[in-house]
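The next block holds one structure in the form of structure tokens; read it before the comments.
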Amino acid sequence: MIALGLEGSANKLGIGIISHPSPTAEPHVLANLRHTYNSPPGTGFLPKDTALHHRAYFVRLVKRALYQAHLTPADVDVICYTRGPGMGACLTSVAIAARTLAALWDKPMVGVNHCVGHIEMGRAITGAQNPVVLYVSGGNTQVIAYAKHRYRIFGEALDIAVGNCIDRVARALRIPNDPAPGYNVEMMARKAVKRRGKEGELVELPYAVKGMDCSFSGILSAVEALVGQLATGEDDERKDRLKFSDGVLVTPDDICHSLQETIYAMLVEITERAMAHVGATEVLVVGGVGCNERLQEMMGMMAVDRGGTVFATDERFCIDNGIMIAHAGLVAYETGVQVSIEESDCTQRFRTDEVHIGWRDKDG
Amino acid sequence: MSTIHIPPSPFNPSDLTLITQGAEALVYKTTFLTPSTPTALKIRPPKTYRHASLDARLTRARILAEARVLVRCAREGVRVPAVLGADWEKGWLALEWIAGRTVRHALDGWLKAHGDDVGSSEGLEVKGLMGRMGKAIAQLHGVGVVHGDLTTSNVMVESEEGLEGDVVVIDFGLAVMSVQEEDRAVDLYVLERAFVSTHPQAEGLFGEVLRVYADGYKGAKGVVKKLDEVRQRGRKKSMLG
């Protein structure tokens, strides 16, 4: 069976086509296209502009995906779209496009939970059986474990998502949004390590873990308060410039490094706690922040210490994409799930644990 | 707890039995001070994944905080493991040994044997345990301590089988001193979530914990009310209307 997946919950428009040759065979990716809306440095992407971007690129991306997969609309069995969570205007634009295709081509539809899409794609690509999942992106921070047909949320961010924290620190430091703010922060952090030697030096930032939950807004506020005191290359003789204990000036690179070390330590800690709690040895990292190599490295060190394994995917599957929506939609469709056009709604708030996971065994 | 004794460091490796590897710490059973004093030795090994300066900062802060909270509870007459010794640079804390099982074990054993029929006559037993848990948490909150990581794995029941026996809260690694309604409610929320995710068939039992908790100390009812607010607050909760 072949599914077309349509994703546009945030600033990426993703169109994917997947084939499940048989229930037991490996899924086969036929096309996985993405177009990203980037706003200028110092700004974030606004719902209205982002939705406009999705509407502008939707048709040409679907056409190109079909062309790449050597398919015609007649070959598609089901149309899968992101039902939520995400930004309202963006979700609506893609949902309307999905309904249009379903009506034009006379195809059934499946509405997919975006988070479940990430998890199912991560499992399919890495082969992780029953992992604890860390789902980290611009809008979501969750530690998830599977039990009895639900992805249960063990821990989550209590305020802003980790990716949102990184993006907004990047905005405060005027770091470009292209190709992605998080990627640029990662590169600057590496420079800081190189400059200071060894493992670099940290500026002390708040560390807020409550059980398996965590909080990032305090870190953002702390960084925003420091921005005016950082070395800029001009006026660095000024008394108010922030310095390390050895008198060396603190640069935006050092802030990026401190930010990464602090927030990833928090994420690894809550993941480790969830693993200890459910007795799991596998951990799967998904979501846009999951392609950060420092996070993957830290998670790997934790997993090795526990005698476990870490699974991660690269940017094709970590960052929002259409293929994960196609895949998760198709596994649901194969168990009989589908929606009519009249029922094909979307919603900004849609929790991972609301979805009945009918395609997995009771115990994983 | 007038004096903290200088420990024989390092501990004798032949006298260490690993009990559990938590997320944070390794807990060993050993003896301390005298060969006949059973002791839980909690070692926080350096986390290799963490930046060394952050690791040292967190280890120090957490060992000191844990010891302070435990001493405070003991002084106020709340049953917790007594502090026998600590070294925050080397990262260990020696505590009184609590004999028994975790509530998680006891509850899983019970659910296996009886199914989830908590309404039956045997159900009284499990409700009793939930009630004692509620009371123990209320006592903690009543003396100004918030645990920070309440799960059914962090509460012991002092018995070898069955559900009878005193309930002792352990692992104060994330505990803080606070009398804020907010902090107390989040404490309960963490427990509720751990409860639902570890014992999904026994979701209803948490109500019994709350029922007894609400009568535990002055202000407990307000905290239970606040819990409703905290529950609403999780991200991406569906909102009707």
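Comparison of A:GLU272, A:GLU315 shows that the only residue that is at the interface with chain B (Cβ under 9 Å from one of its Cβ atoms), in contact with a helix residue (DSSP H, G or I) (Cβ under 7 Å, 6 or more places away or on another chain) and without any contact (Cβ under 8 Å) to a residue 60 or more places away in the chain is A:GLU272.
Looking at B:GLY131, B:GLY162, which one is assigned to a helix (DSSP H, G or I) and either away from chain A (no Cβ under 14 Å) or not acidic (Asp, Glu) (or both)? Sole residue among the options that is assigned to a helix (DSSP H, G or I) and either away from chain A (no Cβ under 14 Å) or not acidic (Asp, Glu) (or both): B:GLY131.
Can B:ALA40 be described as closer than 23 Å to B:GLN139 by Cβ, of a type in the set (A, V, I, L, M, F, W, C) and not assigned by TED's automatic domain parsing to the domain that holds B:ASP171? For B:ALA40, the condition - closer than 23 Å to B:GLN139 by Cβ, of a type in the set (A, V, I, L, M, F, W, C) and not assigned by TED's automatic domain parsing to the domain that holds B:ASP171 - is met. Filtering segment B:49-64 to residues that are within 11 Å of another protein chain (Cβ to nearest Cβ) and within 23 Å of the chain's Cα centre (by Cα) leaves B:ASP55, B:ARG57, B:LEU58, B:ALA61, B:ARG62.
Considering the conditions (1) more than 11 Å from chain B (Cβ to nearest Cβ); (2) within 22 Å of A:ASN38 (Cβ to Cβ); (3) modelled with pLDDT under 95, A:MET87 is excluded by exactly one of them, (3). Within segment B:24-41, being in contact with a helix residue (DSSP H, G or I) (Cβ under 8 Å, 6 or more places away or on another chain) and closer than 13 Å to B:TRP97 by Cα holds for B:THR30, B:THR31.
The set of residues in segment A:192-218 that are surrounded by 17 or more Cβ atoms within 10 Å (Cβ to Cβ) and within 14 Å of A:SER258 (Cα to Cα) comprises A:ALA192, A:VAL193, A:ARG196, A:GLY200, A:GLU201, A:LEU202, A:VAL203, A:LEU205, A:TYR207, A:PHE216.
Selection of segment A:204-214 for residues being at pLDDT 95 or above and more than 10 Å from chain B (Cβ to nearest Cβ) yields only A:PRO206.
When B:VAL69, B:VAL27 are screened for being of a type in the set (A, V, I, L, M) and crowded, with 21+ Cβ neighbours inside 10 Å, only B:VAL69 passes. Can you tell me which residue is modelled with the lowest pLDDT among those in segment A:187-203 that are within 13 Å of chain B (Cβ to nearest Cβ) and part of a helix (DSSP H, G or I)? Here the answer is A:ARG196. Among the residues of segment A:65-104, just one is of a type in the set (Lys, Arg) and either in contact with a Phe, Trp or Tyr (Cβ under 7 Å, 6 or more places away or on another chain) or loosely packed, with under 15 Cβ neighbours inside 10 Å (or both), namely A:ARG83. Within segment B:196-208, identify whether any single residue is of a type in the set (A, V, I, L, M), at pLDDT 85 or above and outside the structural domain of B:ALA23 (by TED's automatic domain parsing), and answer yes or no. Scanning segment B:196-208, I find at least one residue that is of a type in the set (A, V, I, L, M), at pLDDT 85 or above and outside the structural domain of B:ALA23 (by TED's automatic domain parsing), so the answer is yes. When segment A:1-36 is filtered for residues that are surrounded by fewer than 24 Cβ atoms within 10 Å (Cβ to Cβ) and of a type in the set (S, T, N, Q), the ones remaining, listed by number, are A:SER19, A:SER22, A:THR24, A:ASN32, A:THR36. Scanning segment A:240-256 for residues that are assigned to a loop (DSSP other than H, G, I, E, B) and surrounded by 13 or more Cβ atoms within 10 Å (Cβ to Cβ) returns A:ARG241, A:LEU242, A:PHE244, A:VAL248, A:VAL250, A:THR251.
Just to verify a result, which residue in segment B:138-158, among those that are under 17 Å from B:ILE98 (Cβ atoms) and within 14 Å of another protein chain (Cβ to nearest Cβ), is surrounded by the fewest Cβ atoms within 10 Å (Cβ to Cβ)? For segment B:138-158, the residue satisfying everything is B:SER153. Could you tell me which residue of segment A:275-297 is nearest to the other protein chains (Cβ to nearest Cβ), considering only residues that are out of contact with any Ser or Thr (no Cβ under 9 Å at 6 or more places or on another chain) and not small (Gly, Ala, Ser)? Of everything passing the filter in segment A:275-297, A:GLU297 is nearest to the other protein chains (Cβ to nearest Cβ).
Evaluation of A:THR309 against the conditions (1) surrounded by fewer than 18 Cβ atoms within 10 Å (Cβ to Cβ); (2) out of contact with any strand residue (DSSP E or B) (no Cβ under 6 Å at 6 or more places or on another chain) shows that the sole unmet condition is (2).
Of all residues in segment A:171-186, none are within 14 Å of chain B (Cβ to nearest Cβ) and not in a strand (DSSP E or B). If the condition is being assigned to a helix (DSSP H, G or I) and within 14 Å of another protein chain (Cβ to nearest Cβ), then segment B:193-226 contributes B:ARG193, B:ALA194, B:PHE195, B:VAL196, B:SER197, B:THR198, B:PRO200, B:GLN201, B:ALA202, B:GLU203. Segment A:274-364 holds helices (runs of 4 or more DSSP H) entirely within its bounds, and those carrying 2 or more residues that are over 24 Å from A:ALA3 (Cα atoms) map to A:293-305.
The values are calculated or read from the model by the stated rules, or taken from the named source; none is laboratory data. Just so it is clear, the model here is predicted, and its values are computed rather than measured. Neighbour counts run over all protein chains shown; Cβ positions are idealised from the backbone, glycine included.
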